[in-house]
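Before any comments, here is the structure.
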Amino acid sequence: MSFNTKDNSKLLVLGIESSCDETAASVVRGCREVLSNVIYSQIDLHTIYGGVVPEIASRGHIEKINQVVKSALDEAKVSLKDIDAIAVTYGPGLVGALLVGVAHAKALGWAAGIPVVGVNHIEGHICANYIDNISLEPPFMCLVASGGHSHLVNVEDYGKYEIIARTRDDAAGEAFDKVARAIGLGYPGGPKIDREARNGNPDAISFPRANVRENEYDFSFSGLKSAVLNYLNACNMKGESFDVADVAASFQSAAIDILVGHSMQAAADRGVKKFAIAGGVASNSALRQALENECEKREIEFMKPSPVYCTDNAAMIGVAGSYEYNLGYRSDLTLNAVPNLSIGKREGVSKKS
Ligand code: KG4
Ligand code: ZN
């Protein structure tokens with residue numbers, strides 16, 4: 001089904017996101033125009049622990065969500081009575097963190113008489129592409145690489161997704177975070193490796209690029225992560241120091257080869273014309289460049305969201321929720337957090353009769 005976004009130019013959707021360590025709210029008009037995008041990052045709360053602590057994340061969301069939603073409405077210069085629908089992330093993610101957003105959305109919706117629609121966080125990441133690429137329409141293929149997920153997805157239509165590949169072990173972002181911690185860069189690892197790698201030699205150390213036998217498109221990052229840890233251990237045992245920038249650059253180069261190699265193979269086999277990227281790792285400068293180059297060689301149109309729409313935000317939830325709303329999907333007060341929600345599946349979200 002093709003979809004005419006212009007018919008919905010006045011639709012105002014409030015997006016709410018709290019699946020991990022960002023409390024975020026946004027107002028989106030006409031499915032793709034971001035009127036406000038407020039993000040409260042909890043990085044400072046988790047840094048001393050070297051990663052996200054679920055209980056602290058939930059408590060942090062509770063403390064901030066009211067203010068973040070109010071700021072999003074204020075910045076968009078709208079009030080709750082102007083809002084047509086509230087879109088909220090209900091999975092996948094940390095259950096306690098998700099529950100804060102879901103409960104807040106349901107309470108607001110009930111009190112103000114506004115329909116609520118639950119949104120899949122990963123589908124939200126994919127929909128971030130509609131913000132900066134205003135003429136983008138499905139079908140297209142999308143690489144989603146975040147802290148918890150690595151997927152190749154065929155976006156068949158609005159609200160219709162087919163998973164082509166997934167990770168067999170660690171997600172790409174998880175590998176970035178673990179390697180960053182091991183080489184002393186700390187949390188959050190991805191952006192720090194991205195920066196450090198610019199000063200290093202990507203060919204200094206040869207790390208493995210694993211393939212998965214059963215599904216040639218599936219990803220695996222745990223072997224790469226172990227190879228980095230083994231290299232660091234070997235250096236320690238020999239009493240040798242290692243070059244942080246070289247390890248960062250060599251690891252990043254291997255991770256990018258895996259992501260780009262599998263993506264381009266799947267795109268070629270399926271005759272893909274448009275390729276997009278999404279999720280926190282999609283803000284990696286070297287990955288963006290590598291995919292741009294490879295797509296250009298193959299005459300595939302390459303789309304990427306601005307970095308602020310790659311990492312967790314509520315604008316992408318507002319966009320995904322706008323399309324879900326237009327397709328007729330609604331959630332009632334039974335909407336619950338679904339921590340392991342799959343792409344393309346709906347639970348507690350159904351078409352209105
Ligand atoms: O999508 P996201 O913000 O949250 C999840 O849904 O997981 O992704 C966070 C992940 C983290 O693992 C973080 O280290 C990684 O994205 N990340 C990056 C970069 N910026 C964030 N990885 C590589 N390079 C970056 N520039
Ligand atoms: Zn995310």
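The values are calculated or read from the model by the stated rules, or taken from the named source; none is laboratory data. As the structure is a computational prediction, the values presented were derived from the model and not from experiment. Positions of Cβ are backbone-derived with ideal geometry, glycine not excepted, and every protein chain shown enters the neighbour counts. Heads up: the accessible areas ignore ligands, DNA and RNA and are worked out on the full protein's heavy atoms, side chains in. Shrake-Rupley method; radii C 1.70, N 1.55, O 1.52, S 1.80 Å.
Structure above, values below:
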| read-out | value |
| --- | --- |
| Net charge dipole size for the range 137-305 [Lys, Arg +1 and Asp, Glu -1 on Cβ; Debye, nearest 20] | 260 debye |
| Positive-end extreme of charge dipole, the range 1-74 - chosen from GLN42, SER19, PRO54 (charges on Cβ) | SER19 |
| Paramagnetic reach from ASP243 (point 7 Å along Cα→Cβ, amide N under 13 Å) across the range 167-209 | 197-206 |
| With every protein chain in place, the chain: carbon and sulfur % of accessible area (1.4 Å) | 49 percent |
| Order by protection proxy (mean Cβ within 10 Å, highest first), peptides 25-36, 280-291 | 25-36, 280-291 |
| Cα-based reach from LYS304 at 19 Å (exclusive), listing aspartates and glutamates while leaving out same-chain residues under 8 positions away | GLU33, GLU123, ASP132, GLU137, GLU156, ASP157, ASP194, ASP257, GLU292, GLU294, GLU296, ASP312 |
| Gain upon complete extension [SER222, SER350; 0.36 nm per residue less C-alpha separation] | 42.4 nm |
| Choice from ALA112, ALA165, ALA337 showing the highest fluctuation, given a GNM over the chain with Cα pairs closer than 10 Å | ALA112 |
| Inter-centroid distance (Cα atoms) of the range 18-51 relative to the range 213-261, Å | 30 Å |
| Relative contact order computed over the chain (Cα-Cα under 8 Å; 6+ residues apart), in percent | 24 percent |
| Prolate/oblate/rounded label for the range 51-183 (Cα gyration tensor, a/c 1.5) | oblate |
| Cα-derived Rg over Rh, computed across the range 137-305 with Rh taken as Kirkwood radius | 0.99 |
| Ellipticity estimate at 222 nm from DSSP helix runs (n ≥ 4, -39,500 (n - 2.57)) divided over the chain, nearest 500 | -13000 deg cm²/dmol |
| Check: the chain dipole with +1 on Lys, Arg Cβ and -1 on Asp, Glu Cβ, in debye | 600 debye |
| The range 137-305: antiparallel DSSP beta bridges as a percent of all, rounded to 5 | 60 percent |
| Mean accessible surface per residue for the range 137-305, computed with a 1.4 Å probe while every protein chain stays in place, in Å² | 43 Å² |
| Cubic angstrom per residue, convex hull over Cα atoms of the chain | 130 Å³ |
| Listed residues GLY147, GLY271, GLY124, most fluctuating in the chain (Gaussian network, C-alpha, under 10 Å) | GLY271 |
| ASP157-GLU301 FRET efficiency (beta carbon distance; Förster radius 22 Å; 0.05 resolution) | 0.80 |
| Candidates VAL13, VAL244, VAL212, ranked by Gaussian network fluctuation over the chain, Cα under 10 Å, top entry | VAL212 |
